[in-house]
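Report on the following structure.
Please treat every number below as a calculation from the coordinates, not as lab data. Computed from a prediction, not measured in an experiment: that's the story for all the values here. Methodologically, a virtual Cβ is constructed for each residue, glycine included, from the backbone with ideal geometry; neighbour enumeration extends over all protein chains shown.
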Amino acid sequence: MTVVLAGATGLVGRAFVRIAGEGDYPVTAVGRRDVEGVAATIRTDFSAPLALPPADVALCALGTTMATAGSRAAFYAVDHVAVLHFAQAALAAGIRHFIVISAVGADPRSPVFYSRVKGETERDLAALGFARLDILRPGLLLGRRRERRPGEALFQRLDPVLRRLLPGPLSRYAGIPAATVAAAMLALCGQGGEGTTIHHNAELRRLASAV
Ligand SMILES: NC(=O)c1ccc[n+]([C@@H]2O[C@H](COP(=O)([O-])OP(=O)(O)OC[C@H]3O[C@@H](n4cnc5c(N)ncnc54)[C@H](OP(=O)(O)O)[C@@H]3O)[C@@H](O)[C@H]2O)c1
């Protein structure tokens, strides 16, 4: 199985590269920095259409935060435009299976800007016509980051308590380790079939447990 991965330097992307390496799956990383432990790197900042090699699956773990991006337009340029450029390049390379990390609460009609952009991105990816599209909607990602994100760090510490307070469907808002999301992505890579499927925390944990 061959994989192209955008976002290989991020929290989930790094976890994916580690797990895929253990399973000996060749990964081509696509992004603006070189990545250790992958078969190849394609350098791009995603601001313009790009070319990708043929592969079995394209994985997208791209994203930024409003704090890092600094404006709504800059956030949109990563979480929507860059994701769509990567997806269009995957389609043009003949890749039929696309897996993207979105976020719990994604909804193109959401009054919350972050959730609205995530929802619009999901909607526009679905319109591209991949044979198979897996949309992952994790809750708060748990793991050690290279940069400081004080808000996230606070919620990471509170997660064991919050988790007990979030019963039933609300549990999809609880934290989930980035490594679990990465393992779920790997499990999905090996699945055949067609259509668009959305996966929340519980399904991601179930998929990861099979890896
Ligand atoms: N944080 C959470 O709790 C949370 C919860 C649910 C869903 N999500 C979503 O899950 C996905 C993965 O999250 P993560 O925490 O693993 O991401 P992350 O650690 O922030 O990494 C993001 C990746 O996107 C790349 N990227 C960011 N801005 C870029 C730009 N302007 N040009 C090119 N590449 C850029 C980064 O590359 P560089 O290394 O070059 O910057 C990195 O590889 C994201 O879509 C995120 O929105 C996050």
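Taking the criterion of being surrounded by 22 or more Cβ atoms within 10 Å (Cβ to Cβ), touching a residue at least 40 places away in the same chain (Cβ under 8 Å) and not hydroxyl-bearing (S, T, Y), the residues of the stretch 90-121 that qualify are A90, I95, H97, F98, I99, V100, I101, V117. Pairing residues of the stretch 4-20 that are closer than 22 Å to L84 by Cα with residues that are of a type in the set (F, W, Y), at Cβ distances under 7 Å and at least 6 apart in sequence or on separate chains, gives L5/F16; A6/F86. Only residues that are assigned to a helix (DSSP H, G or I) and either charged (D, E, K, R) or over 19 Å from N201 (Cβ atoms) (or both) were counted across the stretch 114-147, and they come to 10.
Quick check on my filter: what residues within the stretch 30-40 are crowded, with 17+ Cβ neighbours inside 10 Å and more than 8 Å from the ligand (Cβ to nearest atom)?
Selection gives V30, V35, V38.
If you filter the stretch 1-29 down to residues that are more than 9 Å from the ligand (Cβ to nearest atom) and among the polar types (S, T, N, Q), you find that the one that is surrounded by the most Cβ atoms within 10 Å (Cβ to Cβ) is T28.
For the stretch 23-60, filtering for residues that are among the aliphatic types (A, V, I, L, M) and under 16 Å from V81 (Cβ atoms) leaves 3.
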